[in-house]
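The values are calculated or read from the model by the stated rules, or taken from the named source; none is laboratory data. Since we're looking at a predicted model, the values are computed, not measured. Quick reminder, even Gly has a Cβ in these numbers, built from the backbone with ideal geometry, and neighbours come from all protein chains shown.
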Amino acid sequence: MTTNLLDFDLDGMAAFCERLGEKRFRATQLFRWIHQRGVADFDQMSDLAKSLRDKLKGCAHVAAPPVMSEHASRDGTVKWLFDMGGGNAIETVFIPEDDRGTLCISSQAGCAVGCRFCSTGHQGFSRNLTSGEIVAQLWFAEHALRARLGRSDRVITNVVMMGMGEPLQNYSALVPALRTMLADHGYGLSRRRVTVSTSGVVPMIDRLALDCPVALAVSLHAPFDALRDDLVPLNRKYPLHELLAACRGYLQYAPRDFITFEYCMLDGVNDQPEHARALIELVGPRGSDPVACKFNLIPFNPFPASGLKRSPQPQVAAFARMLGDAGIVTTVRKTRGDDIDAACGQLAGDVKDRTRVHERMARLRIVKTRSAS
């Protein structure tokens, strides 16, 4: 079985070349051919010695997972479904805008966190992706879009680790993938333009600050522990005071001078004035221990299993005004790609659930019903 070179960051590629008896500069050449030019055929890598090309053909390859389907939205959003083998599939989404092109990348097949408002979490979890499988989504999308648009310059300017999965629960694969995205000989993305979104894995936030600090987005969704325990089950392990302490610590290393808090607006659940006031007290400039932050309010994309509804637009606007009037920068995310199920919280793919999430949720519903009676 040959090695997929997408699995290596530049240091890993150098070590691989050394095992082949080659010098480090060959790794840099390989890295540029693969990531900057999108070349997978070693015979086309014209500045590599023929002896090295022959070695590579015998022990290595460059390939993304097979594409099962591609869907384009009316607004220009593109969603790819990749076959990960073993009955698993992941989704990757490209979102074009006037001043940027953003790729939303998956880190796991499924997700073990189980947030109530996320359709991925309702599928359960199958496995972590490898570094190569994470990078392959960028490699494929960037070069496929260049070919389609007839461009030689960069199409994807921003990457958000906001697809399927909790990135910080796949930390060992995430960090090499991030380093490839940031590498000058790879994609050369700015740390400010690569964002890791987490539901709040506190120890890994602390590690990311030291290992590979990029922009950080935290799925907050509630100002109280009791409510967040219900919406984001990970909160039971890492409650709000621990999460916010980790955010304050991360700011010392972050490429941006703020943390983005994502907040999915759920009708009658977390969208009332008392919730806004509690958020202001929790993180805002009027609070006792403020966190430099901005809020991104996200319209909920309903799906039947959630039992939740989207907050009405006037309610979202009023909520945003309250935060803004308190001095907190607040935006409302524009829904993109919802006609192809590519909007926030809609990515589902297809996974072989090893966590039996449906059985666990059914038991939880029974317990809640008994408690209520």
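Can you find a residue that is free of Cβ contacts under 8 Å to residues at least 12 places away in the same chain and under 21 Å from the mean Cα position of the chain (by Cα) anywhere in segment 87-106?
Restricting attention to segment 87-106, the residues satisfying the condition of being free of Cβ contacts under 8 Å to residues at least 12 places away in the same chain are 97-99.
Next, only the ones that are under 21 Å from the mean Cα position of the chain (by Cα) stay: 97, 99.
Yes, that holds for at least one residue.
Answer with yes or no whether LEU227 is surrounded by 19 or more Cβ atoms within 10 Å (Cβ to Cβ), at pLDDT 95 or above and of a type outside the set (Lys, Arg).
Values: surrounded by 19 or more Cβ atoms within 10 Å (Cβ to Cβ): no; at pLDDT 95 or above: yes; of a type outside the set (Lys, Arg): yes.
Judged against the criteria, LEU227 is not a match.
Applying the criterion of being without any contact (Cβ under 8 Å) to a residue 40 or more places away in the chain and within 23 Å of ASP206 (Cβ to Cβ) to the residues of segment 176-188, the residue that is surrounded by the most Cβ atoms within 10 Å (Cβ to Cβ) is LEU178. Would it be correct to say that GLU281 is assigned by TED's automatic domain parsing to the domain that holds PRO255 and either modelled with pLDDT of 85 or more or assigned to a loop (DSSP other than H, G, I, E, B) (or both)? Judged against the criteria, GLU281 is a match.
Of the set (1) free of Cβ contacts under 8 Å to residues at least 60 places away in the same chain; (2) in a strand (DSSP E or B); (3) among the polar types (S, T, N, Q), all apply to SER51 but (2).
From the list ALA141, ALA147, the lone residue that is touching a Phe, Trp or Tyr at 6+ places or on another chain (Cβ under 6 Å) and surrounded by fewer than 24 Cβ atoms within 10 Å (Cβ to Cβ) is ALA141. Might you check whether a residue that is modelled with pLDDT under 80 and part of a helix (DSSP H, G or I) occurs anywhere in segment 313-335? Taking every residue of segment 313-335 in turn, none turns out to be modelled with pLDDT under 80 and part of a helix (DSSP H, G or I).
Of all residues in segment 64-86, those that are over 20 Å from LEU6 (Cα atoms) and under 18 Å from the mean Cα position of the chain (by Cα) total 3.
When ASP153 is tested against the conditions (1) closer than 21 Å to LYS334 by Cα; (2) in a loop (DSSP other than H, G, I, E, B), the lone failure is (1). Check whether at least one residue in segment 265-278 is hydrophobic (A, V, I, L, M, F, W, C), assigned by TED's automatic domain parsing to the domain that holds MET204 and assigned to a helix (DSSP H, G or I), and report yes or no. Within segment 265-278 (the criterion being hydrophobic (A, V, I, L, M, F, W, C), assigned by TED's automatic domain parsing to the domain that holds MET204 and assigned to a helix (DSSP H, G or I)), the answer is yes, since at least one residue qualifies. When THR77 is tested against (1) at pLDDT below 90; (2) touching a Pro at 6+ places or on another chain (Cβ under 9 Å), only condition (1) is not met.
Of the residues VAL113, VAL159, which is over 13 Å from GLU91 (Cα atoms), within 15 Å of the chain's Cα centre (by Cα) and surrounded by fewer than 24 Cβ atoms within 10 Å (Cβ to Cβ)?
Numbers: VAL159 fails: surrounded by fewer than 24 Cβ atoms within 10 Å (Cβ to Cβ).
From the options VAL113, VAL159, the qualifying one is VAL113.
Here's a check for you: in segment 1-34, which residue that is of a type outside the set (Asp, Glu) and outside any helix (DSSP H, G or I) is surrounded by the fewest Cβ atoms within 10 Å (Cβ to Cβ)? Residue satisfying both the conditions and the ranking: MET1.
Scanning segment 139-175 for residues that are out of contact with any Cys (no Cβ under 9 Å at 6 or more places or on another chain) and under 15 Å from MET204 (Cα atoms) gives PRO167, LEU168, ASN170, TYR171, SER172, ALA173.
Given the condition touching a helix residue (DSSP H, G or I) at 6+ places or on another chain (Cβ under 6 Å), outside any loop (DSSP other than H, G, I, E, B) and crowded, with 17+ Cβ neighbours inside 10 Å, answer yes or no: does some residue in segment 86-96 qualify?
Looking only at segment 86-96, we keep the residues that are touching a helix residue (DSSP H, G or I) at 6+ places or on another chain (Cβ under 6 Å), and these are 92, 94.
Narrowing further to those that are outside any loop (DSSP other than H, G, I, E, B): 92, 94.
From what is left, the residues that are crowded, with 17+ Cβ neighbours inside 10 Å are 92, 94.
Among the residues of segment 86-96, at least one is touching a helix residue (DSSP H, G or I) at 6+ places or on another chain (Cβ under 6 Å), outside any loop (DSSP other than H, G, I, E, B) and crowded, with 17+ Cβ neighbours inside 10 Å, which makes the answer yes.
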